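In what follows, a structure is listed as structure tokens, so that the remarks can point back to it.
The values are calculated or read from the model by the stated rules, or taken from the named source; none is laboratory data. Please read these numbers as outputs of a predicted model, since none were measured by experiment. No Cβ is skipped: glycine too gets one built from the backbone with ideal geometry, and neighbour counts run over all protein chains shown. For accessibility, only protein heavy atoms count, side chains too; no ligands or nucleic acids. Shrake-Rupley method; radii C 1.70, N 1.55, O 1.52, S 1.80 Å.
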Amino acid sequence: MSESTSSTGTEIQGMPIANIALAEIINEVTGQKYYFDTAEKADIKPDLSKGKEDILRVKNRIIAMNRTDDICIGYDIKLTDNTFPPELMCLVDGGTMSSNGYEGPEIGVAVNKVPFTLNLYSEEKDYDSSTIKYVKFGFKHNKGTPVEFKFEDGKFYVPEFESHGRPKKGEKPVYVEYVDSLPTAIIPAPIVTTVPNPPTPTNPDSSKGTPGVTVGTDCKVTWTFADAVNDADVTAANFKVTKKSDGSVVTGNVTMDTTKKIITFVPTGISAGVTYEATAASIRKADNSGNTTAVTVEFTTA
């Protein structure tokens with residue numbers, strides 16, 4: 001059996017689905033839809049019931065031949081580099097959601113997993129790389145296999161996920177459909193980390209070379225010097241934010257204004273409910289008249 005969509009250059013049998021723009025799983029009991037990140041390519045292999053060939057031969061003559069064809073009874077789908085929310089991990093892995101989070105299936109006990117429909121949306125591109133339309137590949141009545149995972153940023157990172165779709169009597173093993181647009185995924189609002197009670201801003205002290213420090217409610221830290229500083233010393237090592245509990249460094253960007261007096265740190269990897277320390281190290285002044293004085297301030301996020 002061979003099914004293909006030649007206009008996308010994508011074949012089903014024994015070939016990958018490429019340019020995946022969206023992956024969707026639908027709980028076939030509740031109808032709940034989940035959208036998740038995955039690699040651009042999926043490997044799809046048919047599960048075949050092999051036919052056979054019987055030949056009645058007498059010496060050098062074939063008297064009769066009976067041949068039966070292979071029959072496709074479903075597809076095995078392999079997805080890589082997946083990111084599952086806990087609720088989706090529960091569905092594909094067979095665990096349960098509790099008041100404290102996700103609990104995996106009990107060891108040594110067979111799990112009756114809930115079937116789901118897997119839809120993969122592939123982009124059909126024009127010569128200028130613009131999207132013409134999408135091709136939806138639908139596989140019904142899937143059940144997943146136990147997965148290897150890591151937990152990062154509130155989601156499960158699953159390097160490799162295998163799903164096995166087995167249609168019921170009268171159904172097709174795969175449904176291929178052209179659609180003009182992707183389904184609208186319900187994307188939760190991003191979590192915004194703030195500093196509800198920032199420390200009182202300080203002013204620069206030219207006699208000591210101490211910068212004034214301001215921590216904004218948006219977690220941005222600004223150091224203001226009375227005198228210009230040496231721009232070669234304005235580095236992430238000298239102007240940084242660290243977690244107070246273990247000293248781990250927060251990722252972010254350090255910039256300096258044209259006067260060489262105002263240094264700004266904008267964090268890109270800061271968490272809520274954590275106490276941090278913003279530190280400006282002692283660095284050289286621009287006129288080589290001496291060094292500035294180091295200063296550290298503390299703030300807590302929410």
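Considering the options T217, T259, Y34, tell which one lies farthest towards the positive end of the dipole of the chain, charges being +1 on Lys and Arg and -1 on Asp and Glu at the Cβ, about the Cα centre. Comparing the listed Cα positions along the dipole, Y34 ranks first.
Tell me, what is the per residue accessible area of the chain in Å², probe radius 1.4 Å? Could the numbers behind the result be given before it?
Working: 17680 Å² over 302 residues.
It amounts to 59 Å² per residue over the chain.
Charge tally for I26 (other residues, Cβ to Cβ under 14 Å; Lys, Arg +1; Asp, Glu -1): +1.
First select every other residue whose beta carbon is under 15 angstrom from the beta carbon of K240; then total the charges, Lys and Arg +1, Asp and Glu -1.
On the way: positive: K220, K243, K244; negative: D233, D246, E277, E298.
My count for the surroundings of K240 gives -1.
Note on K285: lysines with a C-alpha under 30 Å away, same-chain residues under 8 apart excluded, are K208, K220, K240, K243, K244, K260, K261. Could you check how much of the accessible area of the chain is carbon and sulfur, as a whole percent, using a 1.4 Å probe? Carbon and sulfur: 49 percent of the exposed surface of the chain.
Segment M256..E277, full-extension length gain: 5.6 nm, with 0.36 nm per residue of separation and the alpha-carbon distance subtracted.
Straight-line cross-link reach from K50 at under 23 Å between alpha-carbon atoms covers these lysines, not counting any fewer than eight positions away in the same chain: K78, K140, K143, K168, K169, K172.
Run the helix sum for the chain: -39,500 (n - 2.57) per DSSP H stretch of 4+ residues, divided by residue count, reported at 222 nm to the nearest 500 deg cm²/dmol. It would help to have the intermediate numbers written out before the result.
Details: 1 runs with 8 residues, N = 302.
Using -39500 (n - 2.57) per qualifying helix, the result is -500 deg cm²/dmol.
The charge dipole of the range 180-282, taken about its Cα centre with unit charges on the Cβ of Lys, Arg, Asp and Glu (plus for the first two, minus for the last two), comes to roughly 220 debye. For the range 17-179, the dipole from Cβ point charges (+1 on Lys and Arg, -1 on Asp and Glu) about the Cα centre works out to 1200 debye, to the nearest 20.
Given a Förster radius of 35 Å and the C-beta distance between S289 and F151 as r, what FRET efficiency does 1/(1 + (r/R0)^6) yield to the nearest 0.05? Efficiency for this residue pair is about 0.10.
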